[in-house]
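The values are calculated or read from the model by the stated rules, or taken from the named source; none is laboratory data. Treat the numbers as computed from the prediction; the structure is a model and nothing was measured. When we count neighbours, we look across all protein chains shown, and the Cβ atoms used for this are built from the backbone with ideal geometry, even at glycine.
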Amino acid sequence: MPVESMAKLKYVSIPPRKMRLVADMVKGMPVEDAINLMNYTPRIAARHIAKTLKSAAANALSVAGSSSFNPEDLVVKGIFVDEAPSAKRIRFRSMGRVYRYKKRFCHLTVKLVEVEAKMPASVTASEAAETKEKEAPAKEATAKKTAAKKTAAKKAAAKKTTAKKATAKKATAKKATAKKAAAKKSADADAK
């Protein structure tokens, strides 16, 4: 059963729109690549996302245990940025006025899932050879089918070309007889 883990970071003092711009970059990526990308992204939101990714990977490791789990197999299943309560602030302006504005916050949620590798590292060489032997007859059968299809296509193409050549010969023969008939008519007309 694949390992799933989750980590949350709440009340981050970044607007959700700005956080989503960075979060969309890592959706569906392996965790290691996502953390590397966040380390070289020049946005403040990238630090928070990298920290949460590391936390989710550590959570998965603590749940699964280190003996049967490989952190490189984790993939970002989902990354969600939700709006948090905004802090209302004021800015004093001239003539006794006050401008109101909001300092927006967000909640970050990261979900990771383990993707099973095609060929596990614990598979021995003999097991790998057995799987290749099982796949070999199927590959040979498909190769024979494709070869048969190719030969059938070549035969059909050869028949088409011979038919075209035959029709071309008939057409040239008809033209030749038409020319002979025209020559006879012109000779008869000249004789009269």
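Just one of the numbered conditions (1) closer than 18 Å to Val115 by Cβ; (2) part of a loop (DSSP other than H, G, I, E, B); (3) over 24 Å from the mean Cα position of the chain (by Cα) is not true of Gly28: (3). Scanning segment 30-82 for residues that are of a type in the set (S, T, N, Q) and surrounded by fewer than 18 Cβ atoms within 10 Å (Cβ to Cβ) yields Asn36, Asn39, Thr41, Ser55, Asn59, Ser62, Ser66, Ser67, Ser68, Asn70. For the criterion of being part of a helix (DSSP H, G or I) and either surrounded by 10 or more Cβ atoms within 10 Å (Cβ to Cβ) or modelled with pLDDT of 65 or more (or both), Thr131 passes.
Going through segment 1-17 one residue at a time, which ones are part of a helix (DSSP H, G or I) and surrounded by fewer than 16 Cβ atoms within 10 Å (Cβ to Cβ)?
Correct list: Arg17 only.
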